[in-house]
Amino acid sequence: MSEQTIALVTGANKGIGYEIAAGLGMTVGVGARDPRRGEEATAKLQAAGVDAFFVPLDVTDDESVVAAARLVEERFGRLDVLVNNAAIAGGWPDAPSTATPEGIRAVVETNVIGVVRVTNAMLPLLNRSPRPRIVNLSSHVASLTLQSTQDLGGVSGTYSPSKTFLNAITVQYAKELENIKVNGACPGYVATDLNGFQGRDTPAEGARIAIRLAKLPDDGPTGGLFDHAGPVPW
Ligand code: NAP
């Protein structure tokens, strides 16, 4: 097996996902749903010296996800690191009393079902890796403990619960997949499109914890939620 470490980052054409791809130091698949945005980001990463390749990937689309797995399989035969980064906010603040079934469905389809769809499609490839790692981009606003004790910037009837749902799934994957380290990453409050660039930190700063979890040593944790300072309560 080659020494090369193969990663795939979903939603890597901008924001935190782009910086994760830039900072992993691996051969990295740049997952993006829009071909132009994906190709441009890949070219920019390559110009910066990253061994990047474009992977057309819409996490809400079965065929797209199957094709992405086929592309990685044909090129490398395996996957070492999967970073489930793609997500949508669906509006913020977003009172539960005015949340709509359509709005909730759209966010859950991307932020939760999208992660399951991509992960399950990539599992056969991850199972061929000597040190497989899965990182799911979560958020402090997903923490029921922090939501109950702190002001995290208003109410969120859709986005926060979608990430809480994702946390629950992260724990279950970690329990099932004993050969794979599966963890959640909280990037902090980062200035990206997701929040109208209101965040405090840069995307590169936000990317740090996901990069660290993607490179965990064999005695590292699994089934946890972390930010750059350490464990985050559920
Ligand atoms: P962003 O700049 O809006 O980037 C989101 C990425 O996801 C974009 O590349 C977007 O692609 C992609 N995406 C959305 N729907 C997709 C789909 N159906 N298929 C494939 N890709 C899709 O947001 P970000 O702030 O970097 O967020 C990255 C991750 O960090 C998310 O999981 C987010 O929830 C999490 N997070 C962010 C913050 C923060 O403060 N920013 C805080 C906590 C957690 P397009 O360009 O095509 O739309």
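Annotations
- Counting residues in the range 35-49 that are assigned to a strand (DSSP E or B), surrounded by 19 or more Cβ atoms within 10 Å (Cβ to Cβ) and either within 15 Å of the ligand (Cβ to nearest atom) or free of Cβ contacts under 8 Å to residues at least 12 places away in the same chain (or both) gives zero.
- The residue that is most open to solvent (accessible area, probe 1.4 Å), counting only those in the range 50-70 that are touching a residue at least 40 places away in the same chain (Cβ under 8 Å) and among the aliphatic types (A, V, I, L, M), is Val66.
- Residues that are of a type in the set (A, V, I, L, M) and more than 14 Å from the ligand (Cβ to nearest atom) within the range 132-147 comprise just one, Leu144.
- Reported count of residues in the range 2-34, each being near the ligand (Cβ under 7 Å from one of its atoms) and either open to solvent by 10 Å² or more (accessible area, probe 1.4 Å) or farther than 21 Å from Val65 by Cβ (or both), is 7.
- Test: residue in the range 132-146 that is open to solvent by 10 Å² or more (accessible area, probe 1.4 Å), of a type in the set (Ser, Thr, Tyr), outside any loop (DSSP other than H, G, I, E, B) and modelled with pLDDT of 95 or more: yes
- Conditions (1) among the hydrophobic types (A, V, I, L, M, F, W, C); (2) in contact with a helix residue (DSSP H, G or I) (Cβ under 9 Å, 6 or more places away or on another chain); (3) under 26 Å from Val65 (Cβ atoms); (4) part of a helix (DSSP H, G or I): number failed by Val182: (4)
The values are calculated or read from the model by the stated rules, or taken from the named source; none is laboratory data. All figures in this text were calculated on a predicted structure; none of them were measured in a lab. Please note: Cβ atoms are built from the backbone with ideal geometry, for glycine as well, and neighbour counts cover all protein chains shown. Only protein heavy atoms, including side chains, enter the accessible area calculation; ligands, DNA and RNA are left aside. Shrake-Rupley method; radii C 1.70, N 1.55, O 1.52, S 1.80 Å.
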